[in-house]
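These notes are about the structure you will find just below.
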Amino acid sequence: MNIFYDENMPFAAEFFADLGVLTAFSGRTLSAQDVSDADVLLVRSITKVNESLLQKNKRLSFVGTATIGVDHIDQNYLADRKVNFHSAPGCNAVSVAEYVLSAMVILAERYLLSLSELTVGIVGAGNTGSRLSEKLTALNINHVLCDPILAENSVDKRSFASLEEALNCDVVSLHVPLTRTGQHPTYHLLDAVRLKQLRDDQILINACRGEVIDNQALLNMKQAGHPIKLVLDVWEAEPNILMALIEHCEIATAHIAGYSLEGKARGTEMLYRALCKQLDIAPNKQLTDFLPIPAISSIKIKQAFDEILLNQLVKMVYDVRRDDAIFRQQISIQGFDHIRKTYPTRREFSSVTVNLDNALSLDVPHQLGFNKKTG
């Protein structure tokens, strides 16, 4: 069995080595000829899997994307060909939530804001929005969830706000899939009209899909002097992004919010298990077999939790300013894809065990996702 996988899928060789002959490829430049004899195709979001890519392949039986989003996959075409398809829902949701929290911590420090006094509008309450909601709840930060599709689902008992209510919060964080049809399309969800309705003192964070915001309209608004603070991890027309927009961002990164080692590798593991199921074999590998020991694996806290300690904890594991600096220094020279391909290792909060003094009653670090140790 020939297994083709994106070279940026961590531990793919380790997970799939026993299942077939492995071939790594560059996701952006993959051609129909390259995959003509693939039985299994494993991709990430930069590879469009459609009839054009698969026109020369007559043997494909499994396609997997190690991502939450699936807008790069022509699922109808795969279904017509009876090719099994699997994605990795929720694989990097924690990573994206921690990116957003790091950005909030940095901007709160930069502008002397109190996180506890801010309201956050989470637009999109799926896996990623829910993980962010959990972290904000742990910090007692007021927030609302906006998700019209889930709001119409009687099974989901959470309270949902309207889009207008969410867009009126101090921080607006976008976590929707990219859709162009249906009752609630998200393409240019924030168009010129909605962008102009945003307040001067707000923070707008986009870590889902670039096309959810009309980037040209956003640039026009910023060039006209609108002081809204921008955190952009995703951009329209990646990798050929609107370069002029970068200088108007507080934090700008190369679609790496979900790029923690755990987040990317979790997607690999999920596809491994899906392929094992299709092949009717028992999986005998798991992510913990391959994750390295982090540089900082354990700390002890002997003080009550406050925003200063939050700032220190978050930045100790992931300071988003590193990725912002890399982006600004390299985007014009190396390009968007190179930054993503050479992304330095980043770990999640769960890689660090927090040893709390027994006298401390509030276990906020554990609720945020840090491993727990007491005593």
Per-region count, region 153-190, residues more than 23 Å from the chain's Cα centre (by Cα) and among the polar types (S, T, N, Q): 6
Which condition does ILE106 not pass, out of (1) assigned to a helix (DSSP H, G or I); (2) β-branched (Val, Ile, Thr); (3) surrounded by 21 or more Cβ atoms within 10 Å (Cβ to Cβ), if it passes all the others? (3)
Take LEU150 and decide whether it is of a type outside the set (Lys, Arg), within 24 Å of LEU190 (Cα to Cα), within 18 Å of the chain's Cα centre (by Cα) and not in a strand (DSSP E or B). no
What single numbered condition from (1) surrounded by fewer than 17 Cβ atoms within 10 Å (Cβ to Cβ); (2) more than 27 Å from ILE246 (Cβ to Cβ) fails to hold for SER130? (1)
Checking the condition at pLDDT 95 or above and surrounded by 19 or more Cβ atoms within 10 Å (Cβ to Cβ), which residue from LEU145, LEU163 passes? LEU145
Kindly provide the set of residues from region 73-90 that are of a type in the set (Ser, Thr, Tyr) and farther than 14 Å from LEU54 by Cβ, ordered by number. SER87
Residue check, SER260 against (1) of a type in the set (Gly, Ala, Ser); (2) buried (at least 20 other Cβ atoms within 10 Å of the Cβ); (3) over 19 Å from PRO89 (Cβ atoms), all met but one. Which one? (3)
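The values are calculated or read from the model by the stated rules, or taken from the named source; none is laboratory data. It should be emphasised that the depicted structure is a prediction, and the values quoted were computed from it without experimental measurement. Cβ coordinates were reconstructed from backbone atoms using ideal geometry, including for glycine residues, and neighbour counts include every protein chain displayed.
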